[in-house]
Amino acid sequence: MRMGFSTGACAAAATQAAARLALGLAPRALESIAFPDGGLDALPVLWVCPLPEGAEAAVCKDAGDDPDITHGSEIRVRLRWREDSRITFKAGIGVGTVTLPGLQIPAGQPAINPGPRHMMEVALRSLSQRGAELEVSIPGGVELAARTFNPRLGVRGGLSVLGTTGRVRPFSLEAIKATIAVALDVAWAAGYRKVALVPGHIGEKAARTHFELGPEQVVEVSNEWGFALETAKKVGFTDFLVVGHPGKLAKLWMGHWDTHSSRSPSPIPQVAELARDLTGRALFDLPTVEGLFQALDPQGQGLLTRELVQRIHASVTALVERPVTVALCTMDGRLWGAA
C-alpha cells in the first residue's frame with residue numbers, strides 16, 4: 001500500500017515554499033524537505049503568492065492509501081517576517097487551539113504538535129535565519145474536526161497539525177499483524193530471547209532512551225497487543241518489556257488487548273476513578289490520561305503511577321505467563337514509572 005505524508009510534513013513544505021518566494025527566490029513545483037529520520041522527500045506545491053509582509057503557499061495533503069480524514073485537504077502556511085529571530089506559530093482558519101491540559105501543546109497554543117513545528121522550523125532555517133510568524137490554515141478544517149476526537153480532547157476551532165515521522169503509513173489490520181509476526185521472527189533469529197513491545201514511535205524512543213536494546217529487539221505493535229503478546233509467547237520469548245504511554249497501556253489493565261479507539265473504550269473513566277480512590281481528587285472532566293496525571297500534585301502522581309503500572313503489569317503477566325517489565329512514559333519520552 002502507498003505511503004503518504006502527514007499534515008505536518010505538508011505544512012513544512014508549504015513553509016519552505018513561502019519562505020523561498022518571500023526571499024525573492026524563484027518558486028519551485030516541488031519542495032524537498034528534511035524528515036526527522038534524516039531522509040529527504042519532495043512534496044508538490046499547489047500555489048504560492050507574495051504578501052506585503054511575506055508570502056503564502058499551499059500543499060495538498062496526500063495520505064497515500066491511508067483513510068486519513070484530511071486526505072486531499074489544502075494545507076496552507078502564511079509566513080510573516082518578524083523583527084527578531086524567533087519563529088512563532090499561529091492557528092489560521094481550520095486549525096484548532098488547545099484549551100485543556102494533557103496534550104503535547106500547552107493550553108492556549110495553536111494545535112500544531114512539536115514534530116510539525118520542528119519540521120517547519122528546519123524548513124525555514126534551510127533558507128533563512130530570519131524570524132517569522134507561521135500561520136497554518138486548513139480550509140474546511142472546522143467541519144472535518146467535528147468528525148474527529150478533537151472536541152473531546154479540548155482542541156477547539158479546527159484540526160490538529162500532527163505527525164511524528166512526517167509520513168503516513170496505510171492502516172491495514174492484516175498487514176500490521178503480518179509485520180508484527182515477521183518482526184518477532186527477526187528478533188528471535190537475531191538471537192534475542194527478551195523482546196520489547198511498544199505501541200509506536202513515542203514508545204520506541206522512550207524504550208531505546210531508558211533501556212539497552214538491540215536494533216531488532218524493539219517491535220512496534222500499534223494497537224494489536226493481544227496478537228503481539230500471544231505471538232511472542234508462541235515464538236518462545238522468555239522475557240517481555242512493555243513501554244508506552246499510560247493512555248494506551250491502561251487499556252491492557254482493563255482487559256482490552258486491541259487498543260484502537262474505535263474498538264476499545266476510553267481508559268479515562270477507570271483511571272480517573274483509580275485516582276479518586278488513591279488521592280480523593282475527582283478528575284472525571286479531563287480529556288486525556290496525561291492531563292489527569294498533570295492535574296495531580298507530585299505525591300498523587302506517584303501514587304497513581306505505582307498503582308496503575310502494577311495493574312498493567314499484573315494483566316500482561318497473566319496473559320503471557322512470563323517475566324514482564326512495564327514502563328510508562330510521557331508523550332515527550334520521560335519515564336513516569338515501571339514495574
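No lab work stands behind these numbers, since they all come straight from the coordinates. Quick caveat, the model's predicted, so the values are computed rather than measured. We place every Cβ from the backbone using ideal geometry, glycine too, and count neighbours over all the protein chains shown.
When only the Cβ of Lys, Arg, Asp and Glu is charged (+1, +1, -1, -1), the dipole of the range 173-338 relative to its Cα centre reaches about 200 debye.
Relative contact order for the range 173-338: what percent, with Cα pairs under 8 Å and sequence separation of 6 or more?
Details: 250 pairs, mean separation 41.1, N = 166.
Once normalised by length, the contact order is 25 percent.
Above 12 Å lies some portion of the pair distances; for the range 1-54, what is it as a whole percent of all C-alpha pairs? In whole percent, the long-distance tail amounts to 65.
Membrane-span-like helices of the chain, defined as complete DSSP H segments with a Cα extent of 27 Å or more along the helix axis and a mean Kyte hydropathy of at least 0.0, are identified as 298-320. Within the same chain, lysines fewer than 8 places from Lys251 are excluded, and of the rest, those with a Cα less than 30 Å from its Cα are Lys177, Lys194, Lys205, Lys233, Lys234.
Computed over the range 124-212, the P(r) tail beyond 14 angstrom holds 80 percent of alpha carbon pairs.
Pairwise Cα distances in the range 58-180 exceed 17 Å for 61 percent of all pairs.
Within a straight-line Cα-Cα reach of under 21 Å, Lys90 can be paired with the following lysines, leaving aside sequence neighbours fewer than 8 residues apart in one chain: Lys61. Between amide H atoms placed 1.01 Å from N, distances below 5 Å from Lys90 occur with Leu134, Glu135, Val136, all of them 5 or more places distant or on a separate chain.
Classified by the C-alpha gyration tensor, the range 255-316 has an oblate form. Its axis ratio a/c, with a ≥ b ≥ c, is 1.5 or above, and a/b does not exceed b/c. In whole angstrom, the range 1-106 maps to an equivalent ellipsoid with semi-axes of 22, 20, 13, each derived as √(5λ) from the alpha carbon gyration tensor and ordered largest first. Amide H contacts under 5 Å for Asp258: Gly226, restricted to partners 5 or more places along the chain or on a different chain, H placed in the peptide plane at 1.01 Å from N. In summary, the convex hull built on the alpha carbon positions of the chain has an orientation-averaged projected area of 17.5 nm².
With θ taken as phi - 60° and the Karplus curve 6.51 cos²θ - 1.76 cosθ + 1.60 applied, the whole-hertz 3J(HN,Hα) list for the range 330-339 is 7, 5, 9, x, 6, 8, 8, x, 8, 9 Hz, x standing for glycine and proline.
Taking the charge dipole of the chain about its Cα centre, with +1 at Lys and Arg Cβ atoms and -1 at Asp and Glu Cβ atoms, the residue from Gly38, Ala183, His260 reaching farthest to the positive side is Gly38. The rule of thumb for compact globular proteins, 2.2 N^0.38 Å, goes into the C-alpha radius of gyration of the range 173-338 1.02 times.
Distance from the Cα centroid of the range 271-339 to that of the range 81-152 is 30 Å (rounded to whole angstrom). Take each peptide in 270-276, 238-244, count the other Cβ atoms within 10 Å of every residue, and average; sorted highest first, the result is 238-244, 270-276. Residues whose amide H lies under 5 Å from that of Leu51, counting only those 5 or more places away or on a different chain, are Glu56; hydrogens are built 1.01 Å from N in the peptide plane.
Oblate is the label for the range 159-209, because the ratio a/c of its alpha-carbon gyration tensor axes (a ≥ b ≥ c) is 1.5 or higher and a/b is not greater than b/c.
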